[in-house]
Amino acid sequence: MSTISYTKNISTDNFKKKGKKTLNYVKNHIPLYLMLIPGLLVIIVFNFVPYFGLLIAFEDYNIFAGNNPLDAILRSEWVGFANFQKLFTNSYFWKVFRNTIVINGLKILWLFPLPIISAILLNEIKNSAFRRISQTVIYMPYFFSWVIIFSIFSSILGTYGVVNTLIASLGFERISFFMEPGIFRGLLVFTEGWKTVGYNTVIFLASITAIDSTLYEAARIDGAGKLRQIWNITIPGILPTIILMLILNVGHILDSSFDQVLVFYNPIVYDVADIIQTYVYRMGIGQMNFSLSTALGLFNSVVAFILIVGSNALSKKLLNRSIW
Amino acid sequence: MSTVVVKEKKLKSKGMPVDLSEKVITVIAYIFVTLLTLIALLPCLHVISKAFSNGSAVISGKVYFWPVGIQLETISKVVTKTNLLRSIKNSLFVTVVGVTASMLTSILFAYPLSKTDLKGRKFFIVICIISMVFNGGMVPKYIVMKTLGLLDSYLALILPHALSIFNMLIIKNYFEGLPESTMESAAIDGANDVITLFKIVCPMALPVIATVSLLYAVSYWNIYFSAVLYIKSSSMKVLQVFLKDLISSALSVSDSLITDPNVYSHISPDGVVACATVLAIIPIVALYPFIQRYMIKGITIGSEKG
């Protein structure tokens, strides 16, 4: 009996001490906590308050129902899951859902291996001037906006651009690349590659240069050829980076490509190019169909959330490494 | 003795094919990287060439990677007769104010989080992660903006981007790697947290501050969708929106720039768009050497576990 009460005393004592310590710590470091305020305000106002706005997905939202648009959320009519029902029974929803996965899936399929190959090959180039120049050039497009990239490629692929001039001179008919449903997705993949392959190459290259160089020496002494060295040392060495990048890419399969598609597409290619977020935009902001659009946005956010958290769990399990 | 000789022979005989595969790979590497470099470079050269070529050469598709019939009429008309310059000024304003606000917010946020003994540190980090992985969506964000009266104000472009969690974590990780002894000695000298941050930590963290400033600058300069969504007055149009609108109205704009139809003009729709594009790229290209210098460091810092 007495020992139990004794330990109890100690634990509550400890707890009190701990609480006092925390309080003291906070008191002594008030400036540290004040520093967090601007950032916290940004997160709360522009990330957390919109979570409250997600209620619109379960309402027949009328923006004029209250004193202000936020107040209107509390005063609009509650409809439960009706918006989601409308959404999931609409065949166009499934089309944009499919487009989103197909476009981003194609991008991963075509563009994920490319920077790995180019990093390995760039690493084989011993002429440092050539190496530096090519590295500089290939990852500059990463910093161009999609509007600039659209401008550049519509200039090249336009009706009177170089490509069509060439096609016409060979006696074929000119192609409207941006209005051809059969070509448009390829165009999205290609321009995505143009923007990002160089940047991703640099990421993989950084990972390659981190590999212990004595491994290569040992392999050379053992008589391993270049190909063998790449296969047995380089690739295993950057495998964690490869897996991490792949997981990240798959995790973002639902919420990538929005800016690009928004800039590139037009009504003629909606069939193959309209993705969830562009549809949310046109339905919500364009047609002011706030509730349905928010329902679609919420669906997108939830699935994206599951994918990202899931892929992070996978990365933790496989690599013992968290994305954040 | 004899075994050693045998081993040496073996090594030599294996040495031949090793050399060959290395040579083949080197050749492939040069071809591949050259191709990649040209693919990145040529489209840019093409647009620059178009911007300075005469109209008939542009229209007939004779311009490749070097200007044909060099002229400056288009670029001078685009600068003086369209609203391009105004949109560049708007974008510059957004970028300068935005980078300042973002850096201040991010540094202030990163510093306390870099202190591993900060009470409640985990809580704040969880808040950051939640805001990163779950998106409130377009319409709710729009409604918040409207309620706050931020529509048609540059604050709508700056405030939501004032704290990029990714960028903040890069700064935080860098702060964590700084030698603790200097900060401790500052604390012993009686410097409080604010003074330590700005007088001691920030000067030591200049590389990461430069990197992240550039990252923010590029993202503010490239803002497109937020501006489409929140900015309505045409006098406040930012560069990317101006450029996008110009592309769709190139024909009528180029017609309006030709003042006298009886006098030969070098102006063509494609030339007009090319000029605006070149001017939009210039700031990025000008900042690029600095971006390059710090970026790789930034990428490696950022990819470390947060």
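Rule-based calculations on the coordinates, nothing more; no lab input. Given the structure is predicted, the values throughout are model-derived calculations rather than measurements. Ideal geometry is used to build each Cβ from the backbone, glycine not excepted, and the neighbour counts take in all protein chains shown.
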When only Cα pairs under 8 Å and 6 or more residues apart are kept, what is the percent relative contact order across chain B?
29 percent
Tell me, B:Y264, B:Y288, B:Y142 in order of fewest to most beta-carbon neighbours within 10 Å?
B:Y264, B:Y288, B:Y142
Using unit Cβ charges (K, R positive; D, E negative) and no other charged atoms, how large, in debye to the nearest 20, is the dipole of the protein assembly as shown about its Cα centre?
1540 debye
Between rounded, prolate and oblate, where does the protein assembly as shown land on the alpha carbon gyration tensor, with a ≥ b ≥ c its root eigenvalues, rounded for a/c under 1.5, else prolate if a/b exceeds b/c?
oblate
Suppose R0 equals 45 Å; then what is the FRET efficiency for A:Y92 and A:A129 from their Cβ-Cβ distance, rounded to the nearest 0.05?
0.25
Measuring from label point to label point, each 7 Å out along Cα→Cβ, what is the A:I37 to A:L319 span in nm?
3.9 nm
For the stretch A:95-248: rounded, prolate or oblate by the Cα gyration tensor [a/c cutoff 1.5]:
prolate
Nothing charged except the Cβ atoms of Lys and Arg (+1) and of Asp and Glu (-1): what's the magnitude of the dipole of the stretch A:18-80 about its Cα centre? Round to the nearest 20 debye.
820 debye
Whole angstrom only: what separates the Cα centroid of the stretch B:53-132 from the Cα centroid of the stretch A:163-183?
33 Å
The size of the Cβ-based charge dipole (Lys, Arg +1; Asp, Glu -1) of chain A about the Cα centre, to the nearest 20 debye, is 1340 debye
Give the relative contact order (percent, whole number) for the stretch A:154-263; include only Cα pairs under 8 Å separated by 6+ residues.
17 percent
Rounded to the nearest Å, the spacing of the alpha-carbon centers of the stretch B:189-241 and the stretch A:23-102 is 25 Å
The relative contact order of chain A, taking Cα pairs under 8 Å that sit 6 or more residues apart, comes to a percentage of 22 percent
Calculated from DSSP H runs of 4 or more alone, at -39500 (n - 2.57) each and per residue, what is the 222 nm mean residue ellipticity of chain B, nearest 500?
-24000 deg cm²/dmol
List B:C128, B:C275, B:C202, B:C44 from most exposed to least, where exposure is judged by having the fewest other Cβ atoms within 10 Å.
B:C202, B:C44, B:C128, B:C275
For chain A, what does -39500 (n - 2.57) per DSSP helix run (n ≥ 4), summed and divided by total residues, give at 222 nm, in deg cm²/dmol to the nearest 500?
-22500 deg cm²/dmol
Give the residue from B:V99, B:Y174, B:T147 lying farthest towards the positive end of the charge dipole for the stretch B:83-248; charges sit on Cβ (+1 for Lys and Arg, -1 for Asp and Glu) and the dipole is referred to the Cα centre.
B:T147
Would you mind ranking B:L36, A:L40, A:L298, A:L239 by Cβ crowding within 10 Å, fewest neighbours first?
A:L239, A:L40, B:L36, A:L298
